[in-house]
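I have placed the structure first, in the form of structure tokens, so that the comments after it can refer back to it.
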Amino acid sequence: QVQLVESGGGLVQAGGSLRLSCAASGRTFFGAMGWFRQAPGKEREFVAGIRWSGGSTYYADSVKDRFTISRDNAKITVYLQMNKLKSEDTAIYYCAAQRYYSGISMSLYDYWGQGTQVTVSS
């Protein structure tokens, strides 16, 4: 059984940084992993994704140049380094994974974590 466990969320002031981690178990290879977020009253949206093989990365325009996604194959862990945080980045951040790479659409992800809260105070 595949499990994804996020950590690293918390409260930070605007302009600050946080690093989220997502540790996977139950499978040693994924097609891709990604981060999504859902703010209060809004739909869940794509933030960043990374292909397990080759390491190609993808970002939402709203986080490009501020967030960096990376992975550690040996630890089966994906990270999201978030810099220059803004109040609009406040949301629950979810880690997700695909068995085989199919694209970046949210509907193509097979596994989901429980989420970690990120709150940015202005």
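The values are calculated or read from the model by the stated rules, or taken from the named source; none is laboratory data. Note that the structure is predicted; figures quoted are calculated from it, not measured. With ideal geometry, Cβ positions are generated from the backbone for all residues, glycine too; neighbour counts draw on all protein chains shown. These area figures cover heavy atoms from the full protein model, side chains too; ligands, DNA and RNA do not enter into them. Shrake-Rupley method; radii C 1.70, N 1.55, O 1.52, S 1.80 Å.
Things worth noting here:
- In Hz, Karplus ³J(HN,Hα) per residue of the range 30-42 (6.51, -1.76, 1.60; θ = phi - 60°; x = Gly, Pro): 10, x, 7, 10, x, 10, 10, 9, 9, 8, x, x, 10
- Loop-located chymotrypsin sites (Phe, Trp or Tyr not before Pro) across the range 1-67 with a Cβ neighbour count of 14 or fewer within 10 Å are Phe29, with loop assigned by DSSP.
- Taking amide H as placed 1.01 Å from N in the peptide plane, the amide H of Gly103 sits under 5 Å from none that are at least 5 places away or on another chain.
- Whole-number accessible area per residue in Å² for the chain, which is evaluated in the context of all protein chains at 1.4 Å: 51
- q = 0.12, 0.16, 0.18, 0.23 Å⁻¹: log10 I(q)/I(0) that the Debye formula gives for the chain, counting C-alpha atoms only: -0.38, -0.68, -0.86, -1.39
- Springs between Cα atoms under 10 Å define the GNM used for the chain, and in it the highest mean-square fluctuation of Arg27, Arg66, Arg37 occurs at Arg27.
- Each Cα pair under 8 Å and six or more residues apart adds its separation to the average, and for the chain the resulting relative contact order is 36 percent.
- Taking a Cβ cut-off of under 13 Å around Val63, the surrounding Lys, Arg, Asp and Glu residues balance to a net charge of 0, with basic ones at +1 and acidic ones at -1.
- Summing +1 for each Lys or Arg and -1 for each Asp or Glu among the other residues whose beta-carbon sits under 14 angstrom from that of Gln38 gives -2.
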